[in-house]
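The values are calculated or read from the model by the stated rules, or taken from the named source; none is laboratory data. Bear in mind the structure is a predicted one, so any value in this text is a computation, not a measurement. Ideal geometry is used to build each Cβ from the backbone, glycine not excepted, and the neighbour counts take in all protein chains shown.
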Amino acid sequence: MAKKEILEKLNRKMLACRKCDLRKSCTQVVPGAGSAKAEIMFIGEGPGKKEDQLGVPFVGAAGKFLDEMLGTIKLKREDIYIANTVKCRPPKNRDPRPKEKEACWPWLIAQIKIINPKLIVTLGRHSMKLFLPDQKISEAHGKVVTQEIPEIGAKTFYVLYHPFAAICNGKIHKDLIKDLKRIPKVLKKIKETQDSIL
């Protein structure tokens, strides 16, 4: 079975998830979107109002900004995969709670296993803290970190500020654009390192 079909099957299972209370208050589950063969996987926080309505991640103001930034490094939505730490919208866009992230963790891990990206880009502190709990985003943004995750082994992470935070804060906006523009170089270096090992 092709990666795309396996991922679609997983996403259909997610649509029926009732593991936490978020499902009671949201319109629908938002599994993720993009290419099952993506070399880069972006992981955000959780669906917002627009995402909850459409069932697609990053389609609101933050999503438009992310699309614009991806364009500057010649990437499109179809080239990457985007998911969130939680698959259902928290009420009034509040922060996802630890138990909610815990309930969604197996879904996220399954997505990572299927896609097997070369680079995982965390968007915002909630996403970063899932994989790099000891890091502070103000210090870690723009850095490449290889971390051993029990369920998926060693993975390479690149920490970015969340696009919504960048919309609201000029300093973060500048940092995010600068950090995101480094992604092609980061990916190239990962590939070169992997090739030298093989």
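The residues in region 27-59 that are more than 17 Å from His126 (Cβ to Cβ) and under 14 Å from the mean Cα position of the chain (by Cα) can be counted, and the count is 10. Against the test of being over 21 Å from Ser35 (Cβ atoms), without any contact (Cβ under 8 Å) to a residue 40 or more places away in the chain and touching a Gly at 6+ places or on another chain (Cβ under 6 Å), the options Asp179, Asp134 yield a single qualifying residue, Asp179. Of the residues that make up region 91-106, is at least one within 14 Å of Ala33 (Cα to Cα) and touching a helix residue (DSSP H, G or I) at 6+ places or on another chain (Cβ under 8 Å)? No, that holds for no residue. Taking the criterion of being part of a loop (DSSP other than H, G, I, E, B) and either touching a residue at least 24 places away in the same chain (Cβ under 8 Å) or buried (at least 18 other Cβ atoms within 10 Å of the Cβ) (or both), the residues of region 158-176 that qualify are Tyr161, His162. Exactly one residue among Lys3, Lys13 is surrounded by fewer than 21 Cβ atoms within 10 Å (Cβ to Cβ) and over 27 Å from Val186 (Cβ atoms), and that residue is Lys13.
Report whether or not Lys129 is surrounded by 15 or more Cβ atoms within 10 Å (Cβ to Cβ), within 19 Å of Asn84 (Cβ to Cβ), without any contact (Cβ under 8 Å) to a residue 24 or more places away in the chain and among the charged types (D, E, K, R). Yes, satisfied.
In this structure, does Thr156 turn out to be under 14 Å from the mean Cα position of the chain (by Cα) and of a type in the set (Ser, Thr, Tyr)? Spelling it out, Thr156 is indeed under 14 Å from the mean Cα position of the chain (by Cα) and of a type in the set (Ser, Thr, Tyr). Kindly check whether there is at least one residue in region 143-157 that is modelled with pLDDT of 95 or more, part of a helix (DSSP H, G or I) and within 17 Å of Gly44 (Cα to Cα). Within region 143-157, not a single residue is modelled with pLDDT of 95 or more, part of a helix (DSSP H, G or I) and within 17 Å of Gly44 (Cα to Cα). For Glu192, the conditions (1) without any contact (Cβ under 8 Å) to a residue 60 or more places away in the chain; (2) closer than 19 Å to Pro31 by Cα are fulfilled apart from (2).
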